[in-house]
Structure formats: structure tokens, C-alpha cells
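Peer 1: This structure is in C-alpha cells; I'll ask about it shortly.
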Amino acid sequence: MRVVVQNDKSKDKCRVWWRRAAVRGGLAALAVGAVVSGCTVPGAEPEVRPAPGQQRLQGPAEALDSYASRLRASRAALAAAAERWGLDRVPLTPPPPPARKPRITARDGFEVDGQEELDLPPVFTTIPTKQKVVFLTIDDGAEKDPAFLRMMSDLKIPYTAFLSNYLVEDDYGYFRKMQARGITLNNHTLTHPYLPGLSYEEQKDEICGMQRIMRKQFGKRPAVFRPPYGNYNRDTLVAAKSCGIQYAPIWDEEVFVDHWEYREDDQSLHPGDIVLSHFRGRDDWNGTMPDMVRRFLDKVTREGYAVARLEDYL
């Protein structure tokens, strides 16, 4: 019904019209006549009401609807990326980072003399958590495959890189692109030596020297270090601490382009496991880094695991 705003004189005229019309007809006829005459129904609000149909959400409802729309779009994009990169299924979304970080200690049997007394960086293979998450870590930096960067960005898979300078110095820019995508770059020594075979000072040069490179090339000294080959001794951890290192994670499983290897006798994944791989391509593998990622994701997703960001738990 059209609502007309009236002045005082027109209101008096309409009141007379309504008294006469009420004697002649029913409500329907009255309503039609009111529109023709320009008189409103008594008690009608003078404001113009919105047209019928879906109304615009406001406040919390609008925000919730917008979030749901973004979530649907994100899931659709992820599903499309999973199909494009040849995955068996869409990777699972990890839970939010823990509000309280777990306490990280050296794995039993992986301690060195003075581990607790000197507060040395712990060596560990698994993050203590009951959540079904695993952590992908990739070592050294030999292969610099642009397709790998695109794949991980498209699929939104977090990972942690441990870099050795002699393998990355020919293309720091590749790893800056990685860093710009939110990937943490960590220390894996200057030249990837067998550290227990070196003196304390030589080990310190390897670790602290890489810290200086990381600061110069990537803007910060990392707090996380992985000893090459997973080998270390007391001098390694003492030197690492002197260079600003707080954690020394190694791994529980290793994934290659064509198979997995396990540290534990049960040959299976566990909540919080750290998985190792390497920056490798066809020169070393029978495949590419995207092939390795495909093998990794197909297994962890099939077994109900999401890939989380290691630094969120440290």
C-alpha cells in the first residue's frame, strides 16, 4: 500500500472522507479508495517501508554471513587446487595454534651431559600434542623448484626450511619468495658437515656463521637449528646456544619422492611427529618436489592428519 505523508489541512479532509466511506463499503473498498484519494489508512506510519524480499544483514549477522561465504570460497579454492595438483583428497585444515605452547624437552636418550643444568637446546623428534597434526620440514636448499612454491601456496601447506649456505647462496631470492609466503627459514650450518667430527670452535663457526648469513640475507637470526644428518654432541648444543639457538628438532619420519622411512618400530605416524624431506629434484630423485609433496599429503590426509606450522608450537 502506498503511504502518503500529509499536512494538517489534508489530514482534516481525509478524516471526513473516511467517515463517509466507512458507511458505504468494506475494508478492501476503503483501502482502494484511500489510495485513489491520497488519504492514508488511519494509524499508518508515515515512513517509507523497504520493498519486500531479502533484507540486508547487519551487525553480527552480516559478519557471520560474510565469514561463511569466505570459508566456502576458500574450501572451494582448496578443492580445486587439490585436483589441479593431483592429490587423492583435499588436505585437512589444522586446528588453531595452541593458546599455551607445549613444554619442549629433549627426547629420552637424546640428551647430552649438562642438558638441563646448562639449559641447552633440546633435541626432539615429536611435539607433545594429542592433536592429529604433523609438521613438514625440508632441509638444505639444493633444489629450487618454482612449481614447489606454487603448489605449497595453492594448497596453503605450512612447512619449515632448514638452510645450508653453500647450497642456497646461488639464489637467496628463491628463499626470500618462500619467506614472503610466511615460511620460516632456519639454520642448517654453513657447509653441512658432520659436526661431532669438528672441534667446538669449528662447530661454533658453522652455526654462528650461518646465523650471520641468515640475518644479512633474510632479516633475522633464527632460534631453531637442525644439525646435519641429525648428528650432534655436547659441543654442538653448547655452540648452538651461544649463537642464539633455542631448539634443535630432528625428525621421526622421512619422506622421499617414492617411499617413506620411519624411526619407530611401528612404522607409522603419531600426533605431533616431525617429518623430514629435502630440496631435491630429478638429479637425485626419480621425480620432483611436487611429487614428494603429493606422496606426503596423500598419506597424512588419508590417515586423518593435518599439516601444522612447527613454529606455532615452539
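The values are calculated or read from the model by the stated rules, or taken from the named source; none is laboratory data. Keep in mind it's a predicted model, so treat the numbers as computed, not measured. Virtual Cβ from ideal backbone geometry, glycine too; neighbours counted across all protein chains shown. Accessible surface is based on the protein model in full, side chains and every heavy atom, while ligands, DNA and RNA are left aside. Shrake-Rupley method; radii C 1.70, N 1.55, O 1.52, S 1.80 Å.
Peer 1: Going residue by residue through segment 268-289, is there one that turns out to be in contact (Cβ under 8 Å) with a residue 12 or more places away in the chain, closer than 17 Å to residue 110 by Cα and of a type outside the set (S, T, N, Q)?
Peer 2: Scanning segment 268-289 turns up at least one residue that is in contact (Cβ under 8 Å) with a residue 12 or more places away in the chain, closer than 17 Å to residue 110 by Cα and of a type outside the set (S, T, N, Q).
Peer 1: Which residues, counting only those in segment 200-221, are β-branched (Val, Ile, Thr) and in contact with a Ser or Thr (Cβ under 8 Å, 6 or more places away or on another chain)?
Peer 2: Selection gives 207 alone.
Peer 1: Answer yes or no: is there a residue in segment 222-232 that is among the basic types (Lys, Arg) and over 18 Å from residue 125 (Cβ atoms).
Peer 2: No, that holds for no residue.
Peer 1: Now a separate question. Would you mind finding the one in 184, 189 that is open to solvent by less than 20 Å² (accessible area, probe 1.4 Å) and touching a Ser or Thr at 6+ places or on another chain (Cβ under 6 Å)?
Peer 2: 189
Peer 1: Take segment 285-304 and flag every residue that is of a type in the set (Val, Ile, Thr), open to solvent by less than 10 Å² (accessible area, probe 1.4 Å) and either in a loop (DSSP other than H, G, I, E, B) or out of contact with any strand residue (DSSP E or B) (no Cβ under 8 Å at 6 or more places or on another chain) (or both).
Peer 2: 293
Peer 1: Still on this model: Any chance segment 277-284 includes a residue that's closer than 27 Å to residue 172 by Cβ, acidic (Asp, Glu) and more than 26 Å from the chain's Cα centre (by Cα)?
Peer 2: yes
Peer 1: Quick one: in segment 234-281, of everything that is surrounded by fewer than 17 Cβ atoms within 10 Å (Cβ to Cβ) and among the polar types (S, T, N, Q), which residue is nearest to residue 206 (Cα to Cα)?
Peer 2: Only one residue fits best here, namely 242.
Peer 1: Of a type in the set (Lys, Arg) and either over 29 Å from the mean Cα position of the chain (by Cα) or open to solvent by 60 Å² or more (accessible area, probe 1.4 Å) (or both), is that true of residue 177?
Peer 2: yes
Peer 1: Continuing with this model, one more query. Among residues belonging to segment 192-204 that are under 34 Å from the mean Cα position of the chain (by Cα) and open to solvent by 60 Å² or more (accessible area, probe 1.4 Å), point out the one that is farthest from residue 232 (Cα to Cα).
Peer 2: Of everything passing the filter in segment 192-204, 204 is farthest from residue 232 (Cα to Cα).
Peer 1: Restricting attention to segment 177-217, report how many residues are in a helix (DSSP H, G or I) and closer than 22 Å to residue 243 by Cα.
Peer 2: Counting residues in segment 177-217 that are in a helix (DSSP H, G or I) and closer than 22 Å to residue 243 by Cα gives 22.
Peer 1: Could you name every one of the helices (runs of 4 or more DSSP H) located completely within segment 54-171 that has at least 1 residues being in contact (Cβ under 8 Å) with a residue 12 or more places away in the chain, open to solvent by 50 Å² or more (accessible area, probe 1.4 Å) and in contact with a Ser or Thr (Cβ under 7 Å, 6 or more places away or on another chain)?
Peer 2: Those helices (runs of 4 or more DSSP H) span 165-168.
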